[in-house]
Each structure stands twice: as C-alpha cells, then as structure tokens.
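Let me begin by presenting the structure, written as structure tokens, before commenting on it.
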Amino acid sequence: MKKIFFTILFIVVLLTITISVQANDATLGRLGETVYPMSNNDVEMISEDIFIDLQNVDGIIKGFVTCTFVFKNTSTSTDVLMGFPATLKIHEDGLTREDDVTLHNFTAYINGNKIDVSEVDGSQYEEQFSFYPKWFVFSVPFLQDEVITMTHTYDINFFNNSSGITTIGYVLETGATWKNNIGHSKITFNLPDVLPAGISFASYQYILSDFQYNGSQLIFEKSDFSPDFNILVDIDKHFMLGFNQATIRPADDLFAIGNTLSKEELIVAYNNIIKTNKLIETLYLTTLFGLPEESHQPIITGITIPGYSEYTSNEPFININIYDDNFDLLNPCQFILKDTRGIIIKEGKAKRLQYDQYGYRIYYHFGDFGTQIYQTHLSEPLIEGKTYSIIITCIDETHNETTKTFTFIYHHEGSTLLFTNPKTGVQENFPILLVLSLLSLFVLVQYKKSMVKKLDDASWIF
C-alpha cells in the first residue's frame, strides 16, 4: 500500500512583496517562485525551465508563465499532495484589487497528461501559511526511483508603482529545500516590447555570468547549485511599447548594430558609451562573445574618492573598479578603511553598482569592457588633508581571490582617482579635470573613426 505524504509543495508560490517609491503609491502583485517541499526530503529537482512572457494587456503588465519541472523520487513509492496558493491576502490600503493577487488560469500536467486540480479553503493551512486564503491542490504519485515531468501554466499581474516601474521576478531560494542541489535551472524573461534602456536589476547580488541578454530576452541559467537569492528585474514602462508611445525612441545603437560589427568594434562602441548604466549592454556583449573558458584572476584596477563638495547625498562613499573578464565576481566585495595609525575607520561590504543613481558621471571611471564598479558607504565624512588606506578584497565564483591596498590623501574639493594599469601594475594618480578632458577627446576621436559610417541613422539615447 502506498504511503501517503500530505506535503504542501509551493510550486511557483508567489511573494507578497510590495514595491514602493513613496508611501502608499504601489499596488500588490505576484512573483513566480520555484517548487519546494515542506516535509518530504526524498524528492530531487533535476531541472526547472521557466518561461515568463511579459505582455501589456489593457494597460496592465501581466506575466504568462509556463513552468516545466523534472523530479526524481529517491525513495519508495509514494503519493505527494502538492499545493499552490491561489490568492494572497489583500492589504488594507485601498490600492490593491483582488484580481492583482489572484492566480489566473492555473493548470497542472504530469508527463503531458492533464490532472485534476481542486481549489480549497486555506484555513486548514493557516497555521503554516497565513498569507494564503485559497489554494490549488493536486496529488502526484511517484513509483520507487521514478522520474516525472510536471508542467504548469498560469498568468499573473506584476507589481507596479506610480513612477512607472513594474517589478517582475522569480523566487529561487526556496529551491534549496529540495533534496540535494538543483540540477539545472533556466528562467527566461521574454521582453520583446521593452527597450534595453528600460531594464535593470532590482537587486545588486547577482553573478553576471549567470545571465544572458539577446536583445529581447533576459535569461538566467545555472547548474548544480543551492540557491540563496531571488531574481528581481525592474521594467520602466516609459521604455515599453504601448506606454507613453511618444517618448519611445529607437532601440539602443549597440543592440541595433550588434550583428554587423566585429568583436573589436563592439568593444570600442561599448567603451565610447557615455551612459553609466552598462549592465544590460554588458550582458548583451557577453552573450554575443561568450565567456573565456579559463578562469582568470580579477584585477582591482582603481578607486574614486569624491570630495565633500561633490557628494550627492549625506553619506560619503568610495567607488572601486574591478576588471573581471569572466564576469563571475561574487557580490559584494569586502573593504577595510584605515588611518595612518592603522586604526580601522570603517569595514564592511561594497556593493556592485549598475547605474549612477544620482546622475553624476564624475565619480565613475568604467574603463574597458569587463570593468565593474563597487561602492562603499562610509558612516562619517573623511578629514581634509588626512592620509588613509583602503584594503579591498574580492573573490569570484571559482574562488580566485584578489586583495589590493590603495593609499590616498583626502581633499574636500574635487575627486581623487587612483588607477592601476593592469598590464604594468603601476598606480597612477589622475587629476580629475585632465581625466575628463582626455576621456572626452578619446570618445570624440574614436566615435568619428569607428562609428560615424555605421551609426549615421542611429539615435543615441545614452
């Protein structure tokens, strides 16, 4: 007789996250989440393949989702009761409709055969899952050591706020509760109507080598891992076809000409882009080029220390530039700031930036393709004329670790830029005005030489 496990598996369970810029300006929506077992420890997730198609439906950003999971039972024959939250509880803010937190058109298949799904009251599960008033439940039979394929389809409304930002995503970390690591995960966000300039990550922690961008799809792919993070992507509706159509400009030149230029020409074009948000451009080029087969040591190439008069917030900071052609740096990196007596002023984490949130390019020295910027935040302003040293440590996914120390004298006025030539190892102290002048001249010369003929009809939006 088969042993019955009444196990609630959250297949594509959706978070109750509210994304807001100002108080009470956001509506609640849902995010996709991977399956996970609550009590059964005998089932492995061999793979998950998630396809999320983003569509504008009468002004509402919806996700049409297809999920394919391959499971293996590593024990004796059993039936597993699986559950899926049908609705979330509505916040009493007057902004969220029940439709926004309801799962629509849910289906379930085992090995291609459609199975019955029941909608039940969630009160019986309220002690464990108080946020879900209704559930979809269905029974999944496993033979001993059997491998089955489960497919689900559904559609949801995504989070949005009054600034025109829609947050889409997928929750990976609950996948760590399966037996052993996830064998393979692929999550595809299909974004055919979103211009590249309208895409950014809502979290800082991702390893860039886990992502690809081909001009219309953002793809996460990783094998043999236990996830401890989730994927959140912000979509700016001002760059989405069908919203504020008059403000939509032609696709970014780098993407429009990507298939017509050589690798060397594309790198020149990338380095000439003034726009500070190069995250999606970086993923696009790594998708075109592929990544190096060998694992290389990351190189900490420089720091930028803005003067107090140039702070764009009340919190001083230091920017760190790291060159990594494998794009597999772990985020964040670590830093220790000391004075000349060796007393620690501040130690902590520096997070990777994907854009200049204040709109000031003076603090950013991106350098060549492969450079990423990390930013420290200091609790107190630095002292004029005082000498400091900062010790920076970074590590990549293959455990290549790099540590470098920079020593500098802080000045209230202007910025201090210290950069090391990766080829010679020589540290250089750049006056900021000279750097900007030379950079501007270089951009103009390279643009005329390499791009003018091929970009005559393109419209820069950087």
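So the values come out like this:
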quantity: Long-range HN-HN contacts of Gln375 with modeled amide H, under 5 Å; calculated: Ile320, Lys351, Arg352, Leu353
quantity: 5 angstrom amide H check on Phe159, placed H, neighbours 5+ away; calculated: Gly29, Arg30, Thr167
quantity: Phi-based couplings in Hz for the range 288-296 (Karplus 6.51, -1.76, 1.60; Gly and Pro marked x); calculated: 5, 7, x, 9, x, 6, 8, 8, 10
quantity: Computed FRET value (nearest 0.05) for Asp224 with Thr387, which takes r as the C-beta separation and R₀ as 56 Å; calculated: 0.75
quantity: Note, ³J(HN,Hα) from phi for the range 217-229, Karplus 6.51, -1.76, 1.60, rounded to Hz, x at Gly and Pro; calculated: 10, 9, 10, 9, 8, 7, 10, 6, 8, 10, x, 10, 8
quantity: Per-residue Cβ neighbour rank within 10 angstrom, fewest leading, Tyr170, Tyr206, Tyr109; calculated: Tyr109, Tyr206, Tyr170
quantity: For the range 43-53, Karplus couplings with θ = phi - 60° (6.51, -1.76, 1.60), whole Hz, Gly/Pro x; calculated: 10, 9, 9, 6, 7, 9, 10, 10, 10, 10, 9
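Each value in this text was obtained by applying a stated rule to the coordinates, not by laboratory testing. Note that the structure is a prediction, hence the values are computed from the model and not measured. Neighbour counts are summed over all protein chains in view; Cβ atoms, including those assigned to glycine, are modelled from backbone coordinates with ideal geometry.
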